[in-house]
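The values are calculated or read from the model by the stated rules, or taken from the named source; none is laboratory data. All values reported here derive from a predicted model rather than from experimental measurement. All Cβ positions, glycine included, derive from the backbone under ideal geometry; neighbour counts span all protein chains shown. Keep in mind that these areas ignore ligands, DNA and RNA; they rest on the heavy atoms of the full protein, side chains included. Shrake-Rupley method; radii C 1.70, N 1.55, O 1.52, S 1.80 Å.
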Amino acid sequence: MVMMPRPQIVLSTLNARFIHASLGLRYLKANLDRHGRAGLQNLCLIREYTIKRPPEDIAADLLEALGRTEAGYKQILGLGVYIWNVAQTEKLIRLLKHQRPGLIIVLGGPEVSHELSEQSIVALADYVITGWGDVSFAKLCRNLLDGPPPLMKVLPGEQPPINDIELPYSLFSEADLRHRVLYVEASRGCPFKCAFCLSALDKTAWAFELDRFLAALEDLYRRGARQFKFVDRTFNLKIDHSARILTFFLDKLAQQASSGEPFNLALHFEVIPDHLPDRLKALLIQFPPGVLQFELGIQTLNTVVQSTVSRRQNNAEALSNLAWLKTHTKAHLHVDLIFGLPGEDLESFANGFDRLLAVGPHEIQLGVLKRLRGAPIARHTVAHQMVYASQAPYAVVQTGSASALDIQQFQRVARYWDLIANSGRFKRSLGLVLGLDPAGSGFRRFWALSQSLWARLGRTDKLTPEALIDALFDYLSAHGLSVDVVRQALLDDYLVSGANNQPACLAGHLVRRSLQNPPVTDALNKRQQQHARHVLG
């Protein structure tokens, strides 16, 4: 049995959920030998946690992984810091520095790449790498272990030619392949300049050499990987690359079909909504149900707001492409909208939502603007009276166009929309809600429902399907709909959802269905709807 050398480098981060496997940590480890020195990778461990785990437990586990401390034996802990884990990571560092003062802590990630002087977490660390860390972390480890250590605490990340970076996919374990979403990237960066996004700081998008990337995908597939989440900001930017990647997966589906294996593949892509040439369409229509998941970042359909935030988007083309995807492909369509952008009020947002709703994507994700550190959105703070929360995730609190009350109530709408619309549990009931006052705004109709739900339930989390069923029954019945029609819609939704308790409004109406006849929507939709709960966010 081969014994691993005692680790001198541990790479760690706090993921939003267990199902996420950090691609960034694996890049750092994969590049230690190439850009540091031979043998460093063998001295490195990866330890991942979730933000729900107590920092005390994480600190104990990390110190156990590092082993005992000895004079002259240097140990390095690299921590990935993001908007969702910065508070917990700071608590972790304080514990580690108290229990092992000699541990060298290196921070990296988007949250600590900008505005460093304002951050207490930066003051606690020994070193900070801003921007790209693939090369710079490896060089820092070599210098810390072999000397001489750098004089500067903050080290600007070196951006090498994209193909000088070692690919990390061999570092996904067998357990990762079985139980976690695998993140992959065919390119980095983004050519667009949307002010709310950190990718606006990129000069362009850089594509990995495609044959090398496809060879890595082939190896992952051979090892059993069947779920691939592409983190490319603009998957369909270069159609030649997109077409070859889609063809690669179509070939895998053909192999599954010829071998008698059931279709078993899930692919997630973030696509530019107004760029869908015929060559790509011809490939997309070939995918069977349950395979493709598209995330389309519409964000806003207000052309003045788009101009303000430097977002280039042909709205007519984007909506036309969305309608085409809905009609001609079996892809699951997830569309993002952001409220709180400078210059956008509720009326404008409602108009954009209603235009999207008319097209009918499977999910409309409603988000509130967040001021990411370093993002150019900061230049609009004064002119548009933007006020943000001081703590991560730095959500907008109010703007010159949206009051604090507007944003607070919108956040409730977004949460209830997730529970009722995006969950897929209330398809018939949602139709009744949106059918009230057909001449009015769908967004306003759901807004009114959310006001009622809040008044009744007083919360947006930890709500059972039964509580929502009863609340929807009372709301719809009070708005002139037949009690029998409302109850039948809720009954159908409840049975399809698979829940098995007893909502008060359905007492005496529930009929047990044979397990041999499960709802036909379950098999195909379950995988397609996973991504909204897997992303982070």
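In straight-distance terms, cross-link reach from Lys91 covers every one of the lysines whose alpha-carbon lies under 20 Å from its own, apart from those fewer than eight places away in the same chain; here that gives Lys52. If only the Cβ of Lys and Arg carry +1 and only the Cβ of Asp and Glu carry -1, the dipole of region 1-88 around its Cα centre is close to 260 debye. Take each peptide in 454-460, 31-37, 409-415, count the other Cβ atoms within 10 Å of every residue, and average; sorted highest first, the result is 31-37, 409-415, 454-460. Rolling a 1.4 Å probe over the protein chains gives Arg100 an accessible area of about 40 Å².
When each of the peptides 130-137, 259-266 is scored by how many other beta carbons lie within 10 Å of its residues on average, the order from highest to lowest is 130-137, 259-266. Here's the list of lysines a cross-link from Lys97 could span, going by alpha-carbon distance under 20 Å and ignoring same-chain residues fewer than 8 apart: Lys74, Lys153.
Within the accessible surface of region 320-375, defined with a 1.4 Å probe on protein heavy atoms only, the carbon and sulfur portion equals 49 percent.
Size of the chain from its Cα atoms: along the principal axes, largest to smallest, the extents are 78, 60, 47 Å.
Each listed q (0.22 Å⁻¹) maps to a log10 I(q)/I(0) for region 218-304, found by the Debye formula over equal Cα scatterers with no solvent: -1.17. In order along region 187-202, phi translates into HN-Hα couplings of 7, 10, x, 7, x, 8, 10, 4, 5, 7, 10, 5, 5, 4, 7, 6 Hz, rounded to whole numbers, per the Karplus curve 6.51 cos²θ - 1.76 cosθ + 1.60 with θ = phi - 60° and x for Gly and Pro.
Under the classification rounded if a/c is under 1.5, otherwise prolate if a/b is larger than b/c and oblate if not, where does region 34-92 fall, given a ≥ b ≥ c as square roots of the Cα gyration tensor eigenvalues? Oblate shape, in that a/c is at least 1.5 and b/c is the bigger or equal ratio.
To the nearest 20 Debye, how big is the dipole of region 192-278 about its Cα centre, given +1 on the beta carbon of each Lys and Arg and -1 on that of each Asp and Glu? Dipole about the Cα centre, nearest 20: 240 debye. Using only Cα atoms, locate the centre of region 205-249 and the centre of region 72-97, then give the distance between them in Å, rounded to an integer. Going from one Cα centre to the other spans 32 Å. In region 188-255, the inverse of the mean reciprocal separation of distinct Cα atoms equals 13.4 Å; this is its Kirkwood hydrodynamic radius.
Projected onto the charge dipole of the chain (+1 at Lys/Arg Cβ, -1 at Asp/Glu Cβ, origin at the Cα centre), which of Ala318, Val112, Asn15 gives the Cα projection farthest towards the positive end? So the residue furthest toward the plus end is Asn15. The dipole here belongs to region 392-465: it is taken about the Cα centre, uses +1 on the Cβ of Lys and Arg and -1 on the Cβ of Asp and Glu, and is about 300 debye. Annotation: amide H-H contacts under 5 Å for Ile298 (H modelled 1.01 Å from N, sequence separation of 5 or more, or interchain): Asp336.
Of Thr327, Thr308, Thr399, the residue with the largest accessible area leads and the full order is Thr327, Thr308, Thr399 (1.4 Å probe). Mind checking the per residue accessible area of region 135-248 for me, 1.4 Å probe, whole number of Å²? Spelled out: the 1.4 Å probe surface of region 135-248, per residue, equals 43 Å².
Peptides 471-481, 420-430 ranked from most to least packed give 420-430, 471-481, packing being the mean of other C-beta atoms within 10 angstrom over each peptide's residues. Here the Karplus relation 6.51 cos²θ - 1.76 cosθ + 1.60, evaluated at θ = phi - 60°, turns the backbone of region 120-136 into coupling constants of 5, 5, 5, 4, 7, 7, 8, 9, 9, 9, 9, x, 5, x, 3, 8, 5 Hz, with x for every Gly and Pro.
Shape summary: region 71-194 maps onto an equivalent ellipsoid whose semi-axes, from the alpha-carbon gyration tensor, are 25, 19, 18 Å in decreasing order.
Dipole of the chain computed with +1 at Lys/Arg Cβ and -1 at Asp/Glu Cβ about the Cα centre; of His380, Tyr475, Thr300, farthest Cα towards the positive end is Tyr475. When the Cα gyration tensor is reduced to axis lengths a ≥ b ≥ c, the ratio a/c is 1.5 or higher for region 403-467, and with a/b not above b/c it is classed as oblate.
By the Kirkwood approach, averaging reciprocal distances over each pair of separate Cα atoms, region 1-137 gets a hydrodynamic radius of 15.2 Å. Listed cross-link partners Lys229/Lys281; Lys252/Lys330; Lys203/Lys330; Lys193/Lys330 are compared with a 23 Å cut-off, the Cα-Cα value being larger for Lys203/Lys330; Lys193/Lys330.
Once the 1.4 Å probe is applied to the protein heavy atoms, region 249-308 comes out at 39 Å² accessible per residue.
Ordering Gly440, Thr130, Ala59 by Cα displacement along the dipole of the chain toward the positive end leaves Ala59 in first place; charges were set at the Cβ atoms of Lys, Arg (+1) and Asp, Glu (-1).
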